[in-house]
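Accompanying notes for the structure given below.
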Amino acid sequence: MSPLDHIRIVMVNPVYGGNVGSVCRAMMNMGLSQLVLVNPRTGMNMEEAQQMACHAGEILARRRVCDTTAEAVADCGLVAGTSNRGGLYRDHAKTPREWAPRLLAAALDTPVAILFGSEDNGLSLDDLALCTQFIRIPSSDAYKSLNVAMAVMICTYELFVASGAFEPPQERSLECPAAMREAMFAKWRRALLEIGFMTPETADHMMLGIRRIFSRGPLTEKDVQILLGMAAQTQWAASHLPPKP
């Protein structure tokens with residue numbers, strides 16, 4: 001089981017159904033499934049929440065609702081609170097990227113909660129008093145406050161990346177052998193001479209530059225096959241040019 005399964009997102013006094021739905025979608029994107037709403041505002045538009053959740057409706061349907069923040073985090077070993085405000089007790093706040101490994105490690109043994117305050121007032125002092133860690137998301141001084149769904153996405157993204165759950169696709173084509181690469185350069189030399197891009201006197205110098213360009217990254221067999229085809233087509237086009245007057 002992934003440590004992400006033991007991390008819950010706690011929305012304290014959420015106001016707008018659209019934000020709750022958007023949080024569900026962010027959680028689904030990043031592999032989290034536990035959502036707790038603490039004392040949501042009366043009259044919240046749950047139809048809007050369902051619409052914004054899109055394909056994450058299951059997370060919305062399985063949400064827990066608690067009367068107090070203390071109830072929502074009672075069984076959690078670590079409780080991280082998000083805040084952009086300053087203050088002595090928040091001066092040891094770290095970014096989501098800095099806290100992610102610690103939260104994931106703890107989640108292997110104990111439930112972990114991340115608290116997000118209401119859209120209008122954030123987390124109260126009583127909420128923050130329950131926190132063992134403080135998270136501050138870096139943002140511009142021109143406008144520091146983030147929409148709650150955006151804040152959840154940033155925090156859950158950092159957790160997802162740090163968990164190693166995502167494996168980027170690997171290059172399937174082998175790096176081309178030297179003989180194939182040299183055949184490509186020879187074909188391009190002929191093609192560039194035929195179209196007049198360079199002269200026999202400048203060819204050696206120009207080809208060194210072209211080699212340098214292609215040495216800045218790996219060249220796979222598929223890459224070279226494409227480049228050989230381009231050179232062949234260039235030669236064909238050059239042979240069909242009308243004669244110069």
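We did not get these values from a lab; they are worked out from the coordinates using the rules stated. Just so we're clear, the structure is a prediction, and the values are computed from it rather than from any experiment. With ideal geometry, Cβ positions are generated from the backbone for all residues, glycine too; neighbour counts draw on all protein chains shown.
Per-residue packing, averaged as other Cβ atoms within 10 Å, sorts the ranges 157-168, 105-116, 203-214 into the order 105-116, 157-168, 203-214, beginning with the highest. Each residue of segment 182-189 was assigned a 3J(HN,Hα) from its phi angle through the Karplus expression (A = 6.51, B = -1.76, C = 1.60, θ = phi - 60°), giving 5, 5, 5, 5, 5, 5, 5, 4 Hz with x at Gly and Pro. Taking GLU47, GLU194, GLU119 in turn, the Gaussian network model of the chain (Cα-Cα springs below 10 Å) assigns the largest fluctuation to GLU194. Ordering SER140, SER83, SER124 from the fewest to the most neighbouring beta carbons within 10 Å gives SER140, SER124, SER83. Have a look at the DSSP beta bridges in segment 3-163 and tell me what percent are antiparallel, nearest 5. In segment 3-163, approximately 5 percent of DSSP beta bridges are antiparallel ones. Tell me which aspartates and glutamates have Cα within less than 15 Å of LYS94's Cα, excluding those fewer than 8 residues away on the same chain? Within reach: GLU158. Given axes a ≥ b ≥ c from the Cα gyration tensor, I'd like to know whether segment 1-69 is rounded (a/c under 1.5), prolate (a/b larger than b/c) or oblate. Here segment 1-69 falls in the oblate category.
Counting only residues at least eight positions apart within a chain, or on another chain, the aspartates and glutamates with an alpha carbon under 14 Å from that of LYS222 are GLU171, GLU175. When CYS76, CYS66, CYS24 are sorted by how many other C-beta atoms sit within 10 angstrom of their C-beta, beginning with the fewest, the order is CYS66, CYS76, CYS24.
Name the most mobile residue of GLY81, GLY229, GLY18, meaning the one with the largest mean-square fluctuation, in a Gaussian network model of the chain with Cα contacts below 10 Å. Greatest mean-square fluctuation among the candidates belongs to GLY229. Can you give the FRET efficiency for SER215 and TYR157, using 1/(1 + (r/R0)^6), R0 = 35 Å, r = Cβ-Cβ distance, to the nearest 0.05? For SER215 and TYR157, the calculated efficiency is 0.50.
When the chain is treated as a GNM, springs tying every alpha-carbon pair under 10 Å, which of GLN34, GLN50, GLN235 comes out with the largest mean-square fluctuation? Residue with maximal mean-square fluctuation among GLN34, GLN50, GLN235: GLN235. Projection of the Cα convex hull of segment 3-163, averaged over all directions and equal to a quarter of that hull's surface, yields 8.6 nm². Which of the three applies to segment 54-148, rounded, prolate or oblate, going by the alpha-carbon gyration tensor with a ≥ b ≥ c and a/c under 1.5 meaning rounded? Here segment 54-148 falls in the rounded category. Going by a ≥ b ≥ c, the root eigenvalues of the Cα gyration tensor, does segment 178-239 fall in the rounded group (a/c under 1.5), the prolate group (a/b larger than b/c) or the oblate group? Verdict is oblate for segment 178-239.
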